[in-house]
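Participant: Below is one structure. I have some questions about it.
The values are calculated or read from the model by the stated rules, or taken from the named source; none is laboratory data. From a predicted model like this one, the values you see are computed outputs, not experimental measurements. A quick note on method: Cβ atoms are made from the backbone with ideal geometry, for glycine too, and the neighbour counts reach across all protein chains shown. Ligands, DNA and RNA are stripped out before the accessible areas are found, and what is left, the full protein with its side chains, is counted by its heavy atoms. Shrake-Rupley method; radii C 1.70, N 1.55, O 1.52, S 1.80 Å.
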Amino acid sequence: MSSVDPQRRVVSGMRPTGRLHLGHYHGVLKNWVRLQHEYECFFFVADWHALTTDYGKSDHIAKATWDMVVDWLATGVNPGSANLFIQSRVPEQAELHMLLSMITPLSWLERVPAYKDHQAELKEKDLATYGFLGYPLLQAADILAYRGGLVPVGADQVAHIEIARDVARRFNHLYGSETDFEANAEMAIRKLGKKAGRLYSELRQAYTSHGDANALLTAQALIKEQSNITLGDKERLMGYIVGMGKSILPEPQIILSDAAKMPGLDGAKMSKSNGNTISLRASPDKIEKKIRNMPTDPARIRLTDPGEPTRCPVWQFHEVYSDEKIRATVQKNCTNAAWGCLECKQLVIDAIVAEQAPIRERGKQYEENTDLVHSIIAEGTERARDAARATLEEVRDAMGLAYR
Ligand code: ATP
Ligand code: MG
């Protein structure tokens, strides 16, 4: 078994299909910044994923890639703590994608909701392609190549992470390696202390006489029989042996922020393709103009009409940007028509402009120093490749492609 602890590894990527927006910031980037000091982080530009939808016209990808890396750095993603890299510079991820395709039933990919939804939304593009169907599997390979246990993304990614978990489970079921049994039995003994000593020797015996195929069943029976360990400890012991014992590729877990589905200017999810975004590092003028033009409660026609915040997209911004006290004031002045909508919007404008000021400033410094940005990516890519190479060696061996 490798020495990587998946619970300490974080993996996440973004597609370079346009400028990043406040949804990316509140939904994902703030989590990246929070996690980077405590975990080993792998953050990548998903340029292959951009090609799955933009293959027909792809000349924007390179520029969008560098803009995005600057956006990350501007929000406080720290290249000293996290590995930043470009997906297409790590061919091991493509190899893993291909290897995993051998064991992935087509029906798993066809049933992903985003597959049909996006095909319908992006009608002008022909998305009846092999690459687009494989989008979630490529994403699974991105995560599993680093044995990432934790994946900070937005709420729209839940189904994709589920596929990654299913694929990892199937892989481990098919190729879980024999030596892991011993390693994990040992770990279980260490955790449970002496009382499991006798059990361990029995497990070992069962393992040597029956081999890996039957060891699991024998272990289960043996553990059940034990009278000197509690039920909880029995479950834990089995967990170590069955769960971790078989995992070459750990099953990742999603990490969602409080704004896992940040709304846009029209109240729908903020998204490049919905055209309802405020970009990161937008100028104060632009922020002001966009918020001032936002629709509000449609029932509030005259200034004297009382408003209802739950019907108003601006209120959704207050839920992200305002503290409880401000929200209470807004609520009161809206429902009793004491404020016009512009007064309410001004608070949001001020909050966004203040939030963006240091991000804009830091972004400018990186924009003026392209060499630095390029070298950050070059170093991150090296480290990412090392990690992915180690995984692929184990994966190839496990799948029977060991030539020594
Ligand atoms: P597109 O419209 O092309 O799908 P997008 O704006 O949705 O673009 P993606 O590149 O698909 O952006 O998303 C990158 C990451 O940001 C994903 O983890 C996604 O879940 C997250 N994300 C995107 N939009 C939001 C949002 N409005 N709120 C929270 N998270 C978001
Ligand atoms: Mg999206």
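Participant: So, in the range 15-51, how many residues would count as being at pLDDT 95 or above, surrounded by fewer than 21 Cβ atoms within 10 Å (Cβ to Cβ) and within 12 Å of ligand 2 (Cβ to nearest atom)?
Facilitator: Within the range 15-51, residues that are at pLDDT 95 or above, surrounded by fewer than 21 Cβ atoms within 10 Å (Cβ to Cβ) and within 12 Å of ligand 2 (Cβ to nearest atom) number 0.
Participant: Could you check, for the range 378-394, whether at least one of its residues is over 30 Å from GLY176 (Cα atoms) and among the hydrophobic types (A, V, I, L, M, F, W, C)?
Facilitator: Scanning the range 378-394, I find at least one residue that is over 30 Å from GLY176 (Cα atoms) and among the hydrophobic types (A, V, I, L, M, F, W, C), so the answer is yes.
Participant: Right, here's the next one. So which of ASP67, ASP71, ASP59, ASP54 ends up being among the acidic types (Asp, Glu) and open to solvent by 40 Å² or more (accessible area, probe 1.4 Å)? Step through it out loud before you land on a result.
Facilitator: Values: ASP67 fails: open to solvent by 40 Å² or more (accessible area, probe 1.4 Å); ASP71 fails: open to solvent by 40 Å² or more (accessible area, probe 1.4 Å); ASP54 fails: open to solvent by 40 Å² or more (accessible area, probe 1.4 Å).
Sole residue among the options that is among the acidic types (Asp, Glu) and open to solvent by 40 Å² or more (accessible area, probe 1.4 Å): ASP59.
Participant: To continue, here is another question. When ALA120 is evaluated against the numbered criteria (1) surrounded by fewer than 23 Cβ atoms within 10 Å (Cβ to Cβ); (2) away from ligand 1 (no atom under 13 Å from the Cβ); (3) touching a residue at least 40 places away in the same chain (Cβ under 8 Å), which criterion, by number, is the only one it fails?
Facilitator: Just one mismatch for ALA120, condition (3).
Participant: If you don't mind, another one. If you take the residues of the range 260-309 that are of a type in the set (Gly, Ala, Ser), more than 15 Å from ligand 2 (Cβ to nearest atom) and closer than 18 Å to TYR25 by Cα, which of them is most open to solvent (accessible area, probe 1.4 Å)?
Facilitator: In the first step, residues of the range 260-309 are kept if they are of a type in the set (Gly, Ala, Ser); the result is 260, 264, 267-268, 271, 273, 275, 279, 282-283, 299, 307.
Add one more test, that the residue is more than 15 Å from ligand 2 (Cβ to nearest atom), and what stays is 267, 279, 282-283, 299, 307.
Keeping just the survivors that are closer than 18 Å to TYR25 by Cα gives 267, 279, 282-283.
Working: GLY267: 26, SER279: 35, ALA282: 13, SER283: 53 Å².
The extreme case among them is SER283.
Participant: Hey, can you tell me all the residues within the range 151-166 that are among the small types (Gly, Ala, Ser) and away from ligand 2 (no atom under 11 Å from the Cβ)? Walk me through how you get there before you give the answer.
Facilitator: Filtering the range 151-166 down to residues among the small types (Gly, Ala, Ser) leaves 154-155, 159, 164.
ALA159, ALA164, listed by residue number.
Participant: Pick from GLU393, GLU361, GLU379: which is in a helix (DSSP H, G or I) and closer than 30 Å to PHE317 by Cα?
Facilitator: Working: GLU393 fails: closer than 30 Å to PHE317 by Cα; GLU379 fails: closer than 30 Å to PHE317 by Cα.
That would be GLU361, the only listed residue that is in a helix (DSSP H, G or I) and closer than 30 Å to PHE317 by Cα.
Participant: What pairs come out if I take residues in the range 251-268 that are within 10 Å of ligand 1 (Cβ to nearest atom) and pair them with residues that are assigned to a strand (DSSP E or B) and basic (Lys, Arg) whose C-beta lies under 9 Å away, six or more apart or interchain?
Facilitator: LYS261/LYS269; MET262/LYS269; PRO263/LYS269
Participant: Please go through (1) among the basic types (Lys, Arg); (2) modelled with pLDDT of 75 or more; (3) open to solvent by 50 Å² or more (accessible area, probe 1.4 Å) for ARG147 and return the number of the only condition it doesn't satisfy.
Facilitator: Tallying (1) among the basic types (Lys, Arg); (2) modelled with pLDDT of 75 or more; (3) open to solvent by 50 Å² or more (accessible area, probe 1.4 Å), ARG147 fails exactly one: (3).
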